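The structure under discussion appears below in the form of structure tokens.
The values are calculated or read from the model by the stated rules, or taken from the named source; none is laboratory data. Quick caveat, the model's predicted, so the values are computed rather than measured. We place every Cβ from the backbone using ideal geometry, glycine too, and count neighbours over all the protein chains shown.
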Amino acid sequence: MTARIIDGKAVARKLRAEYRVRVQQLVSAHGVQPGLAVVLVGDNAASQVYVRNKVRACEETGIRSELITLPADAPESRLLAEIDRLNADPGTHGVLVQLPLPPHIAMRRVLERISVDKDVDGFHLYNVGGLMTGTTVFPPCTPFGVQKLLEHEKVQIAGRNVVVVGASNIVGKPTAMMLMQRDATVAICHKLTRDLAQFTLLADILVVAAGVPNLIVPQMVRTGAVVIDVGINRLPDGRITGDVDFAGVAAKASLISPVPGGVGPMTVTMLLFNTIRSAERRVGIVDVSDGLGVPA
């Protein structure tokens, strides 16, 4: 068996074209252009790349973007004041503070300062808690991207065994919660899991987000499984690789996402979706076809 490769770039392009139409409809029918504000603290090189990608994606889709940069030594109070300003701005529908933050700034305090109605990253306690009950307003972007990839590829989720390797608050746990809401049977593994293979071999759908290059090798994967690799690791020679032995596992799986070009493009795309949805909620539109029909 040779796996079919899930082209995250192609799926992202398709969705962004659909979202561009939604933006145009908002502008023409309601005079509202969705707006995303991104706050970058410090000069982390990786963060700067991520922010540029987000701003470029906004331009593609017709979303107005605002980039606020603060020095690495900016006091926490200055960042909180900036968030307060953006929360009060009716033209800003999404507020995102790029992580990581400098060590003197409390991440949780910052994330909870963002208005629930503008928390397009999905990190506020309200949205995190909503994952438990299926009432989250804005799902976290990477897990949402995983779900959208599975939906696009028409992978059956209900009743399937799902194993998530990695228990982070940003990817692993919310991915598990979102797939449980789709009636999957989910196991979460982490760095202290003993005999990881005994779990991964049971997976119809295997989602790997551990941050360990080539953690998952072919003998750990069930024949015909769907494998979603969320890991992004930079090797000493500069190459980017995932958490899965791609060539080996691709010979055994039915579907597999590559790194790069798999989940990565979807993460930014779901940020665009959440920003547009925030603007739609502002004018009273709730699209239940998105599977997130939370009242405005």
**Prompt:** Name the pairs: first residue in region 213-237 and touching a residue at least 24 places away in the same chain (Cβ under 8 Å), second residue of a type in the set (Phe, Trp, Tyr) and assigned to a loop (DSSP other than H, G, I, E, B), Cβ to Cβ under 6 Å, at least 6 apart or on different chains?
**Reply:** none
**Prompt:** If you check Arg113 against the conditions, is it buried (at least 17 other Cβ atoms within 10 Å of the Cβ) and free of Cβ contacts under 8 Å to residues at least 40 places away in the same chain?
**Reply:** yes
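Per-residue answers, yes or no, for (1) polar (S, T, N, Q); (2) farther than 30 Å from Asp7 by Cα; (3) touching a residue at least 12 places away in the same chain (Cβ under 8 Å):
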| site | (1), (2), (3) |
| --- | --- |
| His93 | no, no, yes |
| Pro103 | no, yes, no |
| Ala106 | no, yes, yes |
| Pro140 | no, no, yes |
| Gly145 | no, no, yes |
| Lys148 | no, no, yes |
| Ala158 | no, no, yes |
| Gly166 | no, no, yes |
**Asked** Within region 213-255, restricting attention to residues that are surrounded by fewer than 16 Cβ atoms within 10 Å (Cβ to Cβ) and of a type in the set (A, V, I, L, M), which residue is farthest from the chain's Cα centre (by Cα)?
**Response** Ala251
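Quick one: is Gly62 surrounded by 13 or more Cβ atoms within 10 Å (Cβ to Cβ), outside the structural domain of Val249 (by TED's automatic domain parsing) and within 27 Å of Pro260 (Cβ to Cβ)?
So Gly62 passes the test.
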**Qualifying positions in region 143-166 - surrounded by 24 or more Cβ atoms within 10 Å (Cβ to Cβ) and either in a loop (DSSP other than H, G, I, E, B) or of a type in the set (Ser, Thr, Tyr) (or both)** = Gly166
